[in-house]
Amino acid sequence: MAAMRNPAFEERLYELFPAIHAYIFLHSPDSIYHERVLKPHLDTSPTLLNLLPMAACIAAGGRANQSISLAASWQVFQLGIRILDDLQDQDRPTALWARIGLPEATNYAFLLCVHCLKLLQHSPDAHLSSNSQLVQQFLDDCQTLLEGQEEDLVKRTPDFDAYWKKIEKKNARIFEWGCRAGAQCGSDSPQIIQALRQFGYHLGILLQLLDDYQGIWEANGVGDLGMGKYTYPLVFGLNHPSDHQEDIGQLAANPAAIIKNEQQIRELLDLINAQNFVVWTVYQEGEKALNCLRKLPYVNDGIRFLSDYIKQIFSHLPPKDDLLP
């Protein structure tokens, strides 16, 4: 599939961003919530991440303006989850909780999630407002996401299968929903909807693995090891047969030990090429996402936009040919 960029299309898509924000503010509580949360924290620069359902709608053959309310709901939801994640990690001194306090930030995070549901339920898009199954699936996937987040907070996940199931819950399912909902705004074809739904699943996995990679080797603030987290690189170190497997197991026996032995663990992960393995897995999930797009019986600007997003991620990684699987 050719994935040539279409700057004119991207510009038209980005021009709809003010309409998405206008819809958010039109259907939001007229309160301090506007000034403290929405205005300063909604993304002002459009990205594929916050336009994902709209891009999926176009990829399915629909028009961008068919999914404005969905894109609005998605962006509000992403902001709420980002605030909740910051509340749990407390590793970014610039986060909302650090400025207004934990109680108020917690309240705003839940308000954003309720606002998101309101935007869905009152959508003028017929595919959304009349589709109670889609809204119910969103609620189910939110519950699954929070279950995955809870596992991340309180449970050790030392094997690959358990960790993969956790990141499916934390990330894959909600991205799967976002692409499915966008596709349903643009098409009634089960095959098209399924292909874009699967794209969202693999994109969600990819983004979580990328976050795990950055959390150790490109951390902005306290890294994942410094917080005692069992993320994908460490799970690899604990399970991959190597001369250092036993040492890693002893150094990472529990979260407190991970924090204490952060530097030693990172050095051992480097020795066993954990960084390469994680990046290689990111490539694998990206290729699976691209293959989902190749199942579609046509190529349009929405598909190119989604494809280009994956390839932009690839462009910031070490070349695949330099990696060891």
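The values are calculated or read from the model by the stated rules, or taken from the named source; none is laboratory data. Predicted model only: the values in this text are computed from it and were never measured. Counting neighbours? That spans all protein chains shown, and the Cβs are built from the backbone with ideal geometry, glycine included. These area figures cover heavy atoms from the full protein model, side chains too; ligands, DNA and RNA do not enter into them. Shrake-Rupley method; radii C 1.70, N 1.55, O 1.52, S 1.80 Å.
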Residue by residue through segment 104-118, which ³J(HN,Hα) values in whole Hz follow from phi under the Karplus form 6.51 cos²θ - 1.76 cosθ + 1.60 (θ = phi - 60°), with glycine and proline marked x? 5, 5, 4, 4, 5, 4, 6, 4, 5, 5, 5, 4, 4, 5, 4
Under the Karplus relation 6.51 cos²θ - 1.76 cosθ + 1.60, θ = phi - 60°, what is the ordered set of whole-Hz ³J(HN,Hα) values for segment 289-297, x standing for Gly and Pro? 5, 5, 5, 4, 5, 5, 6, 5, x
Once phi is turned into θ = phi - 60°, what whole-Hz ³J(HN,Hα) does the Karplus curve with 6.51, -1.76 and 1.60 give for every residue of segment 135-152, x standing for Gly and Pro? 5, 4, 5, 4, 5, 5, 6, 5, 4, 4, 4, 5, 5, x, 5, 5, 4, 5
Report, in whole Å, the centroid distance computed from the Cα atoms of segment 219-267 and segment 15-46. 40 Å
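Over segment 21-143, what is the mean sequence separation of C-alpha contacts under 8 Å (at least six apart), divided by residue count, expressed as relative contact order in percent?
Values: 109 pairs, mean separation 30.2, N = 123.
That works out to 25 percent.
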Unpartnered cysteines of the chain (Cβ-Cβ under 4.7 Å counts as a partner)? C113, C116, C142, C179, C292
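Can you give me the relative contact order of segment 177-296 as a percent, contacts being Cα pairs under 8 Å and 6 or more apart?
Values: 125 pairs, mean separation 40.5, N = 120.
Value for segment 177-296: 34 percent.
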Pick out which of G61, G249, G186 has the largest mean-square fluctuation in a Gaussian network model of the chain, springs linking Cα atoms closer than 10 Å. G249
Scattering curve values for segment 263-313, log₁₀ I(q)/I(0), Debye with Cα scatterers, q = 0.13, 0.15, 0.22, 0.23 Å⁻¹: -0.46, -0.54, -0.78, -0.82
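Normalized C-alpha radius of gyration of segment 158-278, against 2.2 N^0.38 Å? Mind showing how you got there, number by number?
Working: Rg = 17.3 Å, N = 121, 2.2 N^0.38 = 13.6 Å.
Compactness ratio reported: 1.27.
With runs of 4+ DSSP H residues as the only contributors, calculate the mean residue ellipticity of the chain at 222 nm using -39,500 (n - 2.57) per run, divided by the residue total and rounded to the nearest 500.
On the way: 17 runs with 218 residues, N = 325.
Calculated at 222 nm, the ellipticity per residue is -21000 deg cm²/dmol.
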Using alpha-carbon coordinates, inclination of helix 173-186 to the longest axis of the chain, degrees: 20 degrees
With a cut-off of 8 Å between alpha carbons and a minimum separation of six or more residues, what is the relative contact order of the chain in percent? 20 percent
Could you give the accessible area per residue of the chain, probe 1.4 Å, as a whole number in Å²? 45 Å²
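Taking a 1.4 Å probe, which of V279, V135 shows the most accessible area, and what order do the others take after it? Could you put the intermediate results ahead of the total?
Details: V279 0, V135 25 Å².
The most accessible residue leads, giving V135, V279.
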Positive end of the charge dipole of segment 12-78 (Lys, Arg +1 and Asp, Glu -1 on Cβ, about the Cα centre): tell me which of P40, A56, H21 has its Cα farthest that way. A56
Can you send over the carbon and sulfur percentage of the accessible area for the chain, probe radius 1.4 Å, protein chains only? 52 percent
Ratio to report: Rg/Rh of the chain, with Cα atoms as the point set and Rh obtained by the Kirkwood method; give two decimals. 0.98
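Where nothing but the Cβ of Lys and Arg (+1) and of Asp and Glu (-1) is charged, how large is the charge dipole of the chain around its Cα centre, in debye to the nearest 20? Before the final figure, lay out each step's value.
Details: 27 positive and 39 negative charges, 176 e Å.
The dipole of the chain has a size of about 840 debye.
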